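The values are calculated or read from the model by the stated rules, or taken from the named source; none is laboratory data. Given the structure is predicted, the values throughout are model-derived calculations rather than measurements. Here the Cβ positions follow ideal geometry from the backbone for every residue, glycine too, while neighbour counts run over all protein chains shown. We work out accessible area using only protein heavy atoms, side chains counted, and drop any ligands, DNA or RNA first. Shrake-Rupley method; radii C 1.70, N 1.55, O 1.52, S 1.80 Å.
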Amino acid sequence: MLETVAVITGASSGIGAALARQLGARKDKLVLAARRREELKLVSNQTGVEALCVVTDVTRRGDMEHLRDTALEEYGHVDIWVNNAGRGIMRQVMELTDREFDEIVEVVLKSVFYGMQAIIPHFQERGRGHLINVSSFLGRVPLVPYRSIYSASKSAVNTLTACLRMDLKMKYPCIFVSTVMPGVVDTDFHKIAGPGLSVRAGGSLGSTRVESADEVAAKIVSLIENPVPESYTSPAQAELVKQYFQDVGLFEENMARRMAGPR
């Protein structure tokens, strides 16, 4: 029986690193990708298995194809591909520059597009495989205005993933395409995105419980074991989605009042 091979982008920290450790505990073969070589090596040493580290800039198609080719040369096949790399920014719509807009679209959306086009032909050849795109709850319910272009890019990730799933569904029933939507997660993401948020796992940000990277990674492992099209990592998210789409105007008005606070 072939061993399970998983490729993870954005594996040098946060959710990607936590997922690498948890899949390592299952004795999966790992291919870890990120731009930072030394950080990748540190994560690799924590997995308990021999993980292949591939320095990768996910905004470059050639790098993503090289990542795939390296994995295939080493292991002969890939079972799981996780597009996890991402980056945030704190800008309202009218504050965004062209450069900031383009950078977030490249890292958040285009990297997923490149990953999909890199690995899906291999899955089609094998007739099976599991693609997982790590999105965000803000891509479904854009309730934080200063995450504007980040939310818009994640919304596009959701749509692109759904379209690919529909493309493959009838002809390739054993190729699974999933979207994972975390909420607020205690990682370095918020430090890089900009000041203004102080989040710790187990605490709360408004009405939202802050999750740890390990908690989100565990949900992804569960998704691998029991594939579904979409997965929210927090039970409260599904109810917020219902409220949002039932009456977007009312939802936005209530959220604006909460953000404004008492007067």
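Data overview
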quantity	calculated
Number of the condition not met by V144 [criteria: (1) without any contact (Cβ under 8 Å) to a residue 24 or more places away in the chain; (2) buried (at least 17 other Cβ atoms within 10 Å of the Cβ); (3) β-branched (V, I, T); (4) under 21 Å from V58 (Cα atoms)]	(4)
Selection status of D79, touching a Gly at 6+ places or on another chain (Cβ under 7 Å), open to solvent by 20 Å² or more (accessible area, probe 1.4 Å) and either of a type in the set (F, W, Y) or modelled with pLDDT of 95 or more (or both)	yes
Spans of strands (runs of 3 or more DSSP E) in the range 20-128 with at least 2 residues touching a strand residue (DSSP E or B) at 6+ places or on another chain (Cβ under 9 Å) and among the β-branched types (V, I, T)	52-55, 80-83
Any pair with Cβ under 8 angstrom, 6 or more apart, that starts in the range 162-186 at a residue that is touching a residue at least 60 places away in the same chain (Cβ under 8 Å) and ends at one that is open to solvent by less than 40 Å² (accessible area, probe 1.4 Å) and assigned to a helix (DSSP H, G or I)	P182/I15; P182/F137; P182/V216; V185/G14; V185/I15; V185/A213; V185/V216
Residue in the range 251-260 that is open to solvent by less than 60 Å² (accessible area, probe 1.4 Å) and of a type in the set (D, E, K, R) present	no
Single unsatisfied condition, P173 versus (1) in a loop (DSSP other than H, G, I, E, B); (2) more than 26 Å from V5 (Cα to Cα)	(2)
The range 2-20 residues that are without any contact (Cβ under 8 Å) to a residue 40 or more places away in the chain, paired with ones that are in a helix (DSSP H, G or I) and not basic (K, R) (beta carbon under 7 Å, 6 or more apart)	S12/E39; S12/L40; S12/V43; A20/V43
